[in-house]
Every structure is written in C-alpha cells, then in structure tokens.
Amino acid sequence: MAYLTCEKVELAYEGVPVVSDLSFAINKGDYLCVVGENGSGKSTLIKALLGLKKPAAGKITFGDGLTQKDIGYLPQQTPAQADFPASAFEVVLSGCLNRLGIKPFYGKAEKERAWANLKRLSAEHLANSCYRDLSGGQKQRILLARALCAAEKVLLLDEPVTGLDPTAVEEMYQLIKKLNREDGITVIMVSHDIHGAVRQASHILHLHNRPLFFGTAAEYRKSGAFNGVKATEETAGRSAEESALQKNTVGMIADGSESAAGRKMQAAEMTEKKTQNSVVREEQL
Amino acid sequence: MIELIQEMFSYRFMLRAITAGGLISLCAALLGVSLVLKRYSMIGDGLSHVGFGALALATVMNAAPLAVAIPVVVAAAFFLLRISGNSKIKGDAAIGLISAGSLAIGVMMISMTSGVNTDVYNYMFGSILAMSDGDVWLCVGLAAVVLFLFVWCYTRMFAVTFDETFARATGTRVGLYNGLLAALTAVTIVLGMRLMGSLLISSLIIFPALTAMRVCKRFISVILSAGVISVVCFFAGMMMSYAWGTPAGASVVVVNLAVFLVFYVIGALRER
C-alpha cells in the first residue's frame, strides 16, 4: 500500500475550488516534486497534506504505517524570523516539541536527538550561532534539522530553495537528495524551480488547479506539460524577466493568503505583465 | 542614595506602588518578548486604550474599576488577536480604530457625567497613589499565575512565537497559546495602567524586550534579561519620580528609553 494516497481530492476556499480532481500516490522512498505557477494550488495542497485543511471532496489516506504525525515540515521563512533572537540549537530543539507529550521541558533524549540531526546535516558548528546571523542556506539547514526532529519518515518541503544563492541552492538539493537516497526519507517538495525539480526528483506532479501531469520525472521530461514550459522559455527568453516577476509574486503571497479573490487578482496581474509568448504558453497548458 | 531608598520605603503608598509595579513590570516584560517577536506590540497599545474606555465606563456606572475593565479588555484582546490573524483585514489599522475609538468614548462619557477631573488625568498618565492593599495582593496573585504559566509553557511559547505554521503542523495547539498570551497580557495591562497610565503602560511590554534583543543571542537569555531590565528600570524610574517629583509612569518610561539607547549602542558596536 502507498504511504499517502489522494483520491479525487478537491480543495476549496469558501466554496471556490482551488484544486480539483487531484489523484496521486506517494510510496516509501519516493522524491515527489510538486511544480506549478503561483496560485496553482500548491500551498493549499501542503495545508491539506499537513491536515490543516480538510478536502471539500475526495479523500487523503495514509498507509504503510504512516500517520499524519510522521510528516516533517519545512515551511517558508516568515519576515518575523529574520531578526529572531534565538540560537540555532534552540530552533532545532523546538522540532522535538511533539515528542514531549505533557512534559513541560526538553530532556536528555530530545537534546540528543537535536544534536544528531544537526550532525546529520553537518550543521553542528552552527548550534550556538544566533539564528538571525545565519545566511539563507544555513537557516534552511537549521529548519531542515528541526523538521527531522519532528518526524523522519516523510519530509514536506515548501519552496526550500527560494531566495537562496546558486551555491546554496545546489547544497540544499544535495542535502535533500542525500536524505532521500541514503536515509530513505520520502520527500515531497513544492518548488518553482522546474528544472531543478526534474533533475532531482523521482516523481513530478504538475499542478495548475487540476493536475496537468503526474508520473516519474523521466516521463515528465517527454510530456507536453514540461515541453510547454521549456518551449516558451527558449523562445521568449523569459528567464530573467520572469524570475524577477516570480520573486515579486512570491513576496506577495508570502503571508500565506491564498484566498480565491487574491488568487484571481494575482492571476490577472501576472497575465498582464507577461509577454505575449507566455500567454500563448498558458493557453497551451 | 541609601537614605533616599530608606525614606522611599518608609511610606506605605510607595511600598505598595513599588511592589505591585515591580511585579507588573516583570510580567509585562516576559509577555512582551513574545508579543514583540510576533509583531503584536501594537495590541498592547490598543488594549491600554480600551482599558481607559473601560475604566471610564466603570466610573460612570459607579462600579468597581477592575470588575468592569478586566472582562472588557480580555474580550478586546481576543478580538484584536483574531483580526491580526486574519490577513484580509489590516490589523494595524483596525487596532488604531479601536484604540482611538475607545479613548474618545471614554473621554466623552466622563465629560458628560463628572467632567474631566483628576481621575481622568490619573487614568491617562498614572498615579503612584492608585494602588490599594487589595490591588497589591491582586498583582502578587497575577504575577504568580503569569510566572507559573510562562515557565510551564515556555517550550510551547517558544515554538509558537518562532514559527506558528510549523507548530500548528506538528500538532501544537497554537490557538490555545495565543489565547493564553492575549488573556495574560490583557490582565497585566489593566492592573498596570492605573500606575503607569493608559498612554504609557504599553512601554512596559515593548521596551524591555527590544532592549534585551539588542545584545542577547539566545531566546532564554532575551527572556531573562528582559525581566531583569524591566524590574531594574521600574525601580530606577520610581526613585527618580520620588526624588524629583515627576510622574511615575513617565519617569519609568524615560529610564527604559535611556537603557534601550545604551543597549542599542552596545549592540551596534558589537556588530562592527
């Protein structure tokens, strides 16, 4: 049986569907990357997988010994965290909170677990540094260690490489790959970086309010969904302009408000700003 | 110096003000760290104005001030927390609306009945004479409750303050801890505002946290330093108020401001 199965899932805000007719399954050891544009329902899907949002229709089932609690989560960083006065170790340790039960304080077991996960990500030298003084890549490493403290069967990563410099992006991908291959952790990653995703992941889910593609990465490379993306990138030379645009919109939805109205406005703005070529691409999709 | 302190403590009203104020300062500083880091500082400010409105209402109704103010301000705290959590409504504007609104309604109510008198002045800027024996015991009780809950929930409070989304995703009851924070803040503000004044009480919440954050690099050290800084500043402010006859609330805030500036410079020098 699969770890996690979505059957004809529909996710909606106030009756307006954001994601519909979504069916896919994740098996133990898979590395699934969910790609799609802003407002395509990726964040909503994350909330549903974390159990923070109930599907309006269909169902999400866990199997093969997996429960909701076994999913570790790497959220997007919030602006409030940028100047947070806490040591990296305190942050990692806070991932052990769900193991405390009714105990008020962390014991030896939790502290050892936090150290083990810091070592696993070769970040033990950062333990006593202040979180706000770390670089973007180091912060992600610390948050990844925290996610591993919380659960270690499945990791759910929300835009883990957004805002990182190219070296840090590469390091992050290597780290995730290592956790997947060597430690057998199932990875679900949501990303804008389609090319990185195709290189790294074993499976791809391309979302555009409904699934455009679900299958292995190799199949995806040959599919219309991926070629549609590639073709327009080549002809429009969009990379520079659009990546700037993407950064803007990432900022816009950073507060997590993905209301239906906001989504429509964003979609309208995006279309307006896009070159004609990308409009054509959207139609192809 | 020592003579001054001895003289100060020889007055019963000073002893009451210092005991109650010191405990309130401690509670406000502990809660303040979480509030400031969660970007909720303005809620403290909003609540103090709601508190003014509630005290005015109590004066007009001839009711016991705390019996009216505590429930009203706790209710307002939950309301403000809700609108801050809702990104559709701009929380800061809503807080401005509520605080100015309740201040205005309070002033109107008082001016239409008893007229603007020393009561109003004391509610606005505070008075060291405001504390009765009963109030002091209330403050001791509150401080005990806040300290106990804060220590007991420390690990959870940290998780909820640092990353609400992650905490929620890993099964922490975020709503419960936010509610607890709001309720404790509301009670602290109501008890402290008669001493500090409704215009100045929010400084007890904001200043110590900001000051401690200039130099501390661990959450636990921020919490402990904020508590110590707050109590020391309060005591120094009271001495200043006693020695020079300045209003208590304003004196405490001025000392807090001075200490903040010193820590700011130390922090900036360290960074270089």
Among (1) over 12 Å from the mean Cα position of the chain (by Cα); (2) open to solvent by 10 Å² or more (accessible area, probe 1.4 Å), the one test that A:Val161 misses: (1)
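Keeping to the range B:188-224, report how many residues are open to solvent by less than 30 Å² (accessible area, probe 1.4 Å) and within 14 Å of another protein chain (Cβ to nearest Cβ).
Adding up the residues that qualify gives 10.
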Restricting to the range A:164-193, what's the tally of residues that are part of a helix (DSSP H, G or I) and open to solvent by 10 Å² or more (accessible area, probe 1.4 Å)? 12
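Residues checked against (1) open to solvent by less than 50 Å² (accessible area, probe 1.4 Å); (2) more than 14 Å from chain A (Cβ to nearest Cβ); (3) closer than 21 Å to B:Val222 by Cα; (4) touching a Leu at 6+ places or on another chain (Cβ under 7 Å):
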site: B:Val140; (1), (2), (3), (4): no, yes, no, yes
site: B:Ala144; (1), (2), (3), (4): no, yes, yes, no
site: B:Ala182; (1), (2), (3), (4): yes, yes, yes, yes
site: B:Ala186; (1), (2), (3), (4): yes, yes, no, yes
Residues of the range A:194-233 that turn out to be in contact with a strand residue (DSSP E or B) (Cβ under 8 Å, 6 or more places away or on another chain) and either open to solvent by less than 40 Å² (accessible area, probe 1.4 Å) or under 20 Å from A:Val161 (Cα atoms) (or both), as a count: 19
Show the residue pairs that are 6+ apart or on different chains and have beta-carbon atoms under 6 Å apart, the first residue being within the range B:226-254 and modelled with pLDDT under 90, the second being open to solvent by 50 Å² or more (accessible area, probe 1.4 Å). B:Pro247/B:Phe125; B:Gly249/B:Phe125
Can you name the residue in the range A:96-125 that is among the polar types (S, T, N, Q) and open to solvent by less than 60 Å² (accessible area, probe 1.4 Å) and is also modelled with the lowest pLDDT among such residues? A:Asn98
Residue pairs, Cβ under 8 Å, 6 or more apart or interchain, first in the range A:167-178 and under 17 Å from A:Gly72 (Cα atoms), second hydroxyl-bearing (Ser, Thr, Tyr) and open to solvent by less than 80 Å² (accessible area, probe 1.4 Å). List them. A:Ile176/A:Tyr31; A:Lys177/A:Tyr31
So, in the range A:11-55, how many residues would count as being over 27 Å from B:Gly171 (Cβ atoms) and buried (at least 17 other Cβ atoms within 10 Å of the Cβ)? 8
Given the structure, is A:Leu100 under 30 Å from A:Lys8 (Cβ atoms), within 9 Å of chain B (Cβ to nearest Cβ) and free of Cβ contacts under 8 Å to residues at least 12 places away in the same chain? no
Kindly indicate which of B:Asp45, B:Asp92 is closer than 19 Å to A:Ala80 by Cα, in contact (Cβ under 8 Å) with a residue 12 or more places away in the chain and open to solvent by 20 Å² or more (accessible area, probe 1.4 Å). B:Asp92
Just give me the residues in the range B:159-193 being part of a loop (DSSP other than H, G, I, E, B) and without any contact (Cβ under 8 Å) to a residue 12 or more places away in the chain, in sequence order. B:Asp163, B:Thr170, B:Gly171, B:Arg173
Which one is modelled with the lowest pLDDT, of the residues in the range A:66-95 that are within 20 Å of A:Phe24 (Cα to Cα), open to solvent by less than 60 Å² (accessible area, probe 1.4 Å) and not hydrophobic (A, V, I, L, M, F, W, C)? A:Asp70
Which residues, taken from the range A:116-147, are among the aliphatic types (A, V, I, L, M), in a helix (DSSP H, G or I) and either free of Cβ contacts under 8 Å to residues at least 24 places away in the same chain or touching a strand residue (DSSP E or B) at 6+ places or on another chain (Cβ under 8 Å) (or both)? A:Ala116, A:Leu143, A:Leu144, A:Ala147
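Restricting the search to the range B:95-122, which residues are at pLDDT below 80, assigned to a helix (DSSP H, G or I) and touching a helix residue (DSSP H, G or I) at 6+ places or on another chain (Cβ under 9 Å)?
Correct list: B:Thr113, B:Asp119, B:Val120, B:Asn122.
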Only one of B:Arg168, B:Arg173 is within 14 Å of chain A (Cβ to nearest Cβ) and touching a helix residue (DSSP H, G or I) at 6+ places or on another chain (Cβ under 7 Å). Can you tell me which? B:Arg168
Criterion violated by A:Cys149 - all others in (1) buried (at least 18 other Cβ atoms within 10 Å of the Cβ); (2) over 25 Å from B:Leu37 (Cα atoms); (3) modelled with pLDDT of 90 or more satisfied: (2)
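The values are calculated or read from the model by the stated rules, or taken from the named source; none is laboratory data. Keep in mind that what you see is a predicted model, and the values were worked out from it rather than measured. Using ideal geometry, Cβ is built from the backbone for each residue, glycine included, and neighbour counts are taken over all protein chains shown. Surface accessibility is based on the protein's heavy atoms, side chains included, excluding ligands, DNA and RNA. Shrake-Rupley method; radii C 1.70, N 1.55, O 1.52, S 1.80 Å.
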